[in-house]
Amino acid sequence: MKTANIYSLDGRLIRLFLEVYERNSVSRAADQLGLTQSTVSHGLERLRKSLDDPLFVKDGRNITPTPHADYLAPRMREALSAIEALTEPQDYDPSSDRHPITIAANAGELQPELSYLGRALRAAAPHIPVRFVNLGSSSNARPVLENARADLVIAVNRGNYSPDLDHAPFFADHQATFYDPNVRGPVETLEDFGNARHAAMDLGGGKPSVLEEYLNAVGVSRNIVLHASSLSFLAELMRGTDMVATMQSRFADTAFTGFAVSQVPIDLPPIQYDLVWHRRQSLSKRHIWLRGIALRAPVVGRGTQAA
């Protein structure tokens, strides 16, 4: 293999490579970059010549990276982050900042923390406009951050972060089963759990919940008779019924006030909430300041602050 011509590389080609690598498709990468397929293909050809490697080979309708492309991908990400960091000022003064900060999260789940975070940001930098937007499914984190629709995401860790994203633990909570004690008693056995009528959140995304994955593993299914995308609305619809809902135990202090709580009759891992951001902002002094304030937010309710 001849020596690669690294001086022909630039930030645009590196980003193009990473988009193709992540999506295993020239057409999908072109859509994301707002380019034509021929432009992306031409850029890939330049990279192949510069790096003396085919980088991607056809695999049905998609393409598959070569071993050399797998080797290059993490190094390309580091290089792109370093290039993007060149535009960052050496110092950051929040008192003179006027650029908005946008945080994507599900307010129904994190209202106490988001309220604190909003107050903390106003106190530290009163001139910065702060926006909180709804995230929905955790799977939305990547497109929201990739397209710069948010600076920071607070979401449940589903263990499948894109390499383009960085994250830090925020807090963890265990799950509990809620029920209206005026209508029914606690769920005490796995058989009770399987026979109960369940209510569940539906935030889209299509991926089974952690609870669903564990129940499937032991051959138990829930009889879900109610879905809702709002936590408070779900709780309101459950009042006065025999339905149960398995949720984070901390909701006993918010949406599920007045409900009784029983232990879930199956061992479940804690629900881990993370702060998530795009890697291009990892070295940003402004973003480091933002993450520091977020990580100092107190955790309200039954959750425990992550180490």
Within the range 247-259, restricting to residues that are among the small types (Gly, Ala, Ser) and touching a Lys or Arg at 6+ places or on another chain (Cβ under 9 Å), the one that is surrounded by the fewest Cβ atoms within 10 Å (Cβ to Cβ) is Gly258
If I filter the range 184-201 for residues that are more than 30 Å from Arg75 (Cβ to Cβ), open to solvent by 60 Å² or more (accessible area, probe 1.4 Å) and within 25 Å of the chain's Cα centre (by Cα), do I get at least one hit?
no
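Does Phe171 meet the test of being closer than 19 Å to Ser232 by Cβ, open to solvent by less than 30 Å² (accessible area, probe 1.4 Å), touching a residue at least 60 places away in the same chain (Cβ under 8 Å) and not β-branched (Val, Ile, Thr)? Spell out the reasoning first.
Numbers: closer than 19 Å to Ser232 by Cβ: no; open to solvent by less than 30 Å² (accessible area, probe 1.4 Å): yes; touching a residue at least 60 places away in the same chain (Cβ under 8 Å): yes; not β-branched (Val, Ile, Thr): yes.
The answer is no for Phe171.
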Check: If you go through the range 205-228 one residue at a time, do you hit one that is among the small types (Gly, Ala, Ser), more than 15 Å from Ile103 (Cα to Cα) and at pLDDT 90 or above?
Finding: yes
Going through the range 150-193 in order, the residues found to be outside any strand (DSSP E or B) and under 18 Å from Thr241 (Cβ atoms) are Asp180, Pro181, Asn182, Val183, Arg184, Gly185, Pro186, Val187, Asp192, Phe193
* Asked: If we scan the range 273-281, do we find a residue that is part of a loop (DSSP other than H, G, I, E, B) and either at pLDDT 90 or above or exposed (fewer than 15 other Cβ atoms within 10 Å of the Cβ) (or both)?
  -> no
Taking first residues from the range 118-138 that are within 16 Å of Ala297 (Cβ to Cβ) and in a loop (DSSP other than H, G, I, E, B) and second residues anywhere that are at pLDDT below 95 and open to solvent by 50 Å² or more (accessible area, probe 1.4 Å), the pairs with Cβ under 8 Å that are 6 or more apart or on different chains are Ala125/Ser95
Taking the range 223-234 and the residues there that are open to solvent by less than 60 Å² (accessible area, probe 1.4 Å) and in a strand (DSSP E or B), the one that is farthest from Asn106 (Cα to Cα) would be Ile224
In the range 125-155, anything open to solvent by 20 Å² or more (accessible area, probe 1.4 Å) and in contact with an Asp or Glu (Cβ under 8 Å, 6 or more places away or on another chain) is listed as His127, Arg142
Over the range 156-168, the set of residues open to solvent by less than 30 Å² (accessible area, probe 1.4 Å) and of a type in the set (S, T, N, Q) is Ser162
Note: among Leu237, Leu268, just one is part of a loop (DSSP other than H, G, I, E, B), of a type outside the set (Ser, Thr, Tyr) and surrounded by fewer than 18 Cβ atoms within 10 Å (Cβ to Cβ), namely Leu268
Scanning the range 36-52 for residues that are surrounded by fewer than 18 Cβ atoms within 10 Å (Cβ to Cβ) and out of contact with any Lys or Arg (no Cβ under 8 Å at 6 or more places or on another chain) gives Thr36, Gln37, Ser38, Thr39, Ser41, His42, Glu45, Arg46, Arg48, Lys49, Ser50
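The values are calculated or read from the model by the stated rules, or taken from the named source; none is laboratory data. Just so you know, these numbers come straight off a predicted model, no measurement behind them. Cβ atoms come from the backbone with ideal geometry, glycine included; neighbour counts cover every protein chain shown. The protein model used for the area step is the full one, side chains on, heavy atoms only, and it has no ligands, DNA or RNA in it. Shrake-Rupley method; radii C 1.70, N 1.55, O 1.52, S 1.80 Å.
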